[in-house]
Amino acid sequence: MAKPGNGNTRRDFLRTCSVSIGAGLPGLEQQMDKLRALAGNGLVLPPTGRSALVGHRNLFNGDTGVFFYNPERWQPEDFAWRLATNPVTGKRNSAPTLEGGPFSPRAIHRFVGTLADNGVDTFIINANGSRAWYPSKTVPHILQGYQRGDRDFFRGHALGVLKDNPKGVEGYIDQLMAFMNLYQDLLDAGVDWLAETAQACRQRRLSPWVSIRMNDVHGTSNFEGSFFNTPLLKRADMRLSRSYYGSHRASNRAGLNYQQAEVRSLMFEQIREVVEAYDFEGLELDWWRQPLCCEPTASPQTVAMMSDWLRQIRALTQRRAGQTGRPYPLGLRIPGRLGMLKTIGLDVVSLCREGTLDFICPSGFVCTTWDMAHDQLRAQLGERVAIYGVIDAGVNMLPTRNQTSTLAQPMRYMPTSRPLMKGNAAGKLGLGADGIEWYNFYNPDQARLPGLQSEYGALQGIADLDKLRGQPKQYSLGIGGRMYNLTPFDLPAQLPVRLAFNDQHAFRVPMCAEPPDSTLEVCVQLVLNAADEVKILSVSFNECWPVLQSEREDKLLFAAGPLTHLSTDHAGYCFRFPITLVREGWNEIVVENGGQTSLTVVGLEVAIWAKKVRADNRSE
């Protein structure tokens with residue numbers, strides 16, 4: 001007999017969702033009529049789609065650890081960093097450790113309050129990895145079977161993560177156990193942190209949404225041994241086997257296979273629980289953690305099966321909306337390459353156009369996208385669906401440092417720089433995004449590096465394009481490379497580019513138009529290899545006559561926390577232009593190498609800032 005949620009039979013579908021939506025159903029109105037007829041009792045459905053999302057402009061996505069990463073910040077009265085005595089040697093440790101506790105709901109309410117105070121209107125809390133991270137009554141949860149202090153509970157995961165460094169296993173277990181004991185503190189106190197999150201949002205008038213990771217692979221370095229993994233993921237017959245190629249790390253691409261009925265049933269039950277048993281009013285299915293669904297290339301039958309399964313989830317959210325009288329939007333966080341998603345079974349275009357989905361959040365895997373074509377996505381998906389611009393923690397793969405080189409990072413953190421945050425938001429809104437979703441905003445806090453901290457105050461007004469105009473901001477572009485790009489789903493990066501003699505290359509950057517009477521100017525900084533011999537280098541901005549005069553500069557246009565300079569391997573060349581050249585939406589920057597030797601454009605950064613005066617006192 002088929003399990004609930006598989007959608008294998010019409011009877012099962014009706015029993016599970018209280019509605020049947022066929023794969024060929026052409027639009028949402030037919031779905032609503034069917035739902036009303038089956039639900040009965042005069043069920044009135046709230047508005048759906050873009051019209052129901054007008055009040056959701058500034059969305060904040062928090063993962064399962066968002067409250068727990070930095071208890072010293074969110075519960076400072078009970079947690080602090082101290083130099084502890086090593087119980088083995090009896091000597092003081094050289095590095096401080098986090099001490100205090102127990103962890104309490106105060107941290108959750110303080111975090112949510114900070115979001116509310118800084119203009120966030122919607123908090124999307126992630127409920128799961130491979131397992132549920134809250135005390136689920138339906139599916140396996142992350143600490144199921146754990147007894148406080150049981151080091152072996154974490155050993156399998158540690159051995160997988162540190163397979164090349166076995167000497168570090170015990171220290172890793174120390175850190176992991178201390179972190180997971182924060183969750184255990186709440187379990188011991190009878191607190192469900194997921195329910196507490198919704199309650200905190202209600203108290204501060206934030207809209208509480210929930211996010212489900214559809215294929216999290218954080219435990220796949222040890223399928224059988226990691227406590228992260230749901231039991232199904234430990235079975236080879238439930239995993240994908242053809243989702244990777246070339247130099248991909250196979251374990252990171254061998255997630256759950258949604259062609260298997262057991263997988264669909266498990267995930268449906270997880271979703272049904274958070275929709276029906278918790279006080280949320282929006283659901284995001286996160287297909288960027290990971291973009292793994294069915295074996296590529298999915299057949300039309302497989303695509304139809306997945307579309308029908310997603311319609312069942314839509315029926316859940318619609319029924320919940322009818323019960324509460326509030327809209328319950330359903331959407332996806334996904335890569336922006338919709339055709340690539342269809343190869344793994346996700347027909348996003350059809351699901352949006354028929355009304356199954358209310359919103360999408362197209363983004364990159366780790367680094368923020370700068371050239372996501374929100375205007376083209378609108379043309380593909382239609383006017384009904386809301387399209388959010390997603391800003392992730394990473395700027396791009398341009399390495400930077402502080403002035404003394406005592407701190408160097410392989411990428412900047414977006415939440416540490418207000419100009420970068422404003423620039424990225426302005427570019428997305430300028431292309432027609434309906435709002436902004438923040439992802440991994442708290443990563444700088446989690447890093448605990450000197451001077452590195454997320455600027456929560458910068459969230460205020462960030463989704464209002466008119467308020468962004470006339471303010472200093474910075475734009476950039478994605479930089480390709482193995483470390484932070486998940487091929488083939490990430491957008492192909494525009495950088496780096498090699499320019500031979502007389503070569504020119506056009507870059508496209510989305511920006512917002514600025515007031516023509518402002519005192520701002522445009523500065524385009526080309527980042528080249530420091531060893532490159534620059535003779536004749538020119539830049540044209542939106543087809544103006546090429547500018548050859550530049551200033552060599554090793555400083556970043558704007559600091560990102562303590563990071564102020566380019567890597568010593570790179571050099572910046574700054575070109576200036578009048579602010580009136582900036583267009584709403586796409587802007588073109590053409591770089592030409594007129595020298596005899598080749599150059600490599602490693603990075604391209606654009607500042608909108610106050611006009612500066614050159615050394616010869618000529619104001620531009």
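Name every residue in the range 85-103 that is assigned to a strand (DSSP E or B) and among the β-branched types (Val, Ile, Thr), in order of residue number.
Those that are assigned to a strand (DSSP E or B) and among the β-branched types (Val, Ile, Thr): 85, 97.
Mind checking whether some residue in the range 188-197 is touching a residue at least 24 places away in the same chain (Cβ under 8 Å), within 25 Å of the chain's Cα centre (by Cα) and not in a helix (DSSP H, G or I)?
yes
Residue by residue through the range 194-214, note down the ones that are surrounded by 23 or more Cβ atoms within 10 Å (Cβ to Cβ) and farther than 22 Å from residue 333 by Cα.
Residue satisfying the conditions is 200 alone.
Which one of 138, 114 is under 30 Å from residue 198 (Cα atoms), within 29 Å of the chain's Cα centre (by Cα), in a helix (DSSP H, G or I) and modelled with pLDDT of 95 or more?
114
Every residue, every condition in (1) at pLDDT 95 or above; (2) over 30 Å from residue 481 (Cα atoms), yes or no:
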residue	(1), (2)
555	yes, no
567	yes, no
571	yes, no
578	yes, yes
584	yes, no
587	yes, no
592	yes, no
601	yes, no
620	no, yes
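Tally the residues that are surrounded by 13 or more Cβ atoms within 10 Å (Cβ to Cβ) and in a helix (DSSP H, G or I), restricting the search to the range 154-167.
8
Just to be sure before I move on: is residue 366 crowded, with 24+ Cβ neighbours inside 10 Å and farther than 22 Å from residue 261 by Cβ in the structure I sent?
For residue 366, the condition - crowded, with 24+ Cβ neighbours inside 10 Å and farther than 22 Å from residue 261 by Cβ - is not met.
Can you find a residue in the range 118-133 that is in contact with an Asp or Glu (Cβ under 7 Å, 6 or more places away or on another chain) and part of a loop (DSSP other than H, G, I, E, B)?
Among the residues of the range 118-133, at least one is in contact with an Asp or Glu (Cβ under 7 Å, 6 or more places away or on another chain) and part of a loop (DSSP other than H, G, I, E, B), which makes the answer yes.
Which ones in the range 198-232 are in a loop (DSSP other than H, G, I, E, B) and among the small types (Gly, Ala, Ser)?
219, 225, 226
Answer yes or no as to whether residue 605 is among the charged types (D, E, K, R) and surrounded by 17 or more Cβ atoms within 10 Å (Cβ to Cβ).
yes
Name the residues in the range 509-548 that are closer than 14 Å to residue 583 by Cα and either modelled with pLDDT under 95 or surrounded by fewer than 14 Cβ atoms within 10 Å (Cβ to Cβ) (or both), would you?
Within the range 509-548, 515, 516, 543, 544 qualify.
Residues of the range 84-98 being at pLDDT 75 or above and hydrophobic (A, V, I, L, M, F, W, C), which ones?
84, 95, 98
How many of the residues in the range 234-271 are part of a helix (DSSP H, G or I) and either at pLDDT 95 or above or surrounded by fewer than 21 Cβ atoms within 10 Å (Cβ to Cβ) (or both)?
Looking only at that region, the number is 18.
Each row is one residue, and each column tells you yes or no for (1) in a strand (DSSP E or B); (2) under 21 Å from residue 512 (Cβ atoms); (3) not hydroxyl-bearing (Ser, Thr, Tyr).
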residue: 558; (1), (2), (3): yes, yes, yes
residue: 564; (1), (2), (3): yes, no, no
residue: 590; (1), (2), (3): yes, yes, yes
residue: 596; (1), (2), (3): no, no, yes
residue: 600; (1), (2), (3): yes, no, no
residue: 606; (1), (2), (3): yes, yes, yes
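Residue by residue through the range 59-84, note down the ones that are touching a Gly at 6+ places or on another chain (Cβ under 9 Å), assigned to a strand (DSSP E or B) and surrounded by fewer than 22 Cβ atoms within 10 Å (Cβ to Cβ).
If the condition is that a residue be touching a Gly at 6+ places or on another chain (Cβ under 9 Å), assigned to a strand (DSSP E or B) and surrounded by fewer than 22 Cβ atoms within 10 Å (Cβ to Cβ), then 79, 80, 82 are the ones that fit.
Considering only helices (runs of 4 or more DSSP H) fully contained in the range 300-366, which possess at least 2 residues that are hydrophobic (A, V, I, L, M, F, W, C), within 26 Å of residue 481 (Cα to Cα) and at pLDDT 95 or above?
Helices (runs of 4 or more DSSP H) meeting the threshold: 338-342.
Looking at residue 420, is it in contact (Cβ under 8 Å) with a residue 60 or more places away in the chain, buried (at least 20 other Cβ atoms within 10 Å of the Cβ), among the hydrophobic types (A, V, I, L, M, F, W, C) and within 20 Å of residue 447 (Cβ to Cβ)?
yes
Mind counting the residues in the range 561-579 that are under 20 Å from residue 538 (Cα atoms) and surrounded by fewer than 17 Cβ atoms within 10 Å (Cβ to Cβ)?
Residues flagged as under 20 Å from residue 538 (Cα atoms) and surrounded by fewer than 17 Cβ atoms within 10 Å (Cβ to Cβ) within the range 561-579 amount to 1.
Please pick out the residue among 275, 217 that is surrounded by 23 or more Cβ atoms within 10 Å (Cβ to Cβ) and of a type outside the set (Lys, Arg).
Answer to the check: 217.
Evaluate the following for residue 418: is it in contact with a helix residue (DSSP H, G or I) (Cβ under 7 Å, 6 or more places away or on another chain) and of a type outside the set (A, V, I, L, M)?
So residue 418 fits the description; yes.
The values are calculated or read from the model by the stated rules, or taken from the named source; none is laboratory data. Remember, predicted model here, so these are calculated numbers, not experimental data. As a convention, Cβ positions derive from the backbone with ideal geometry for all residues, glycine included, and neighbour counts pool all protein chains shown.
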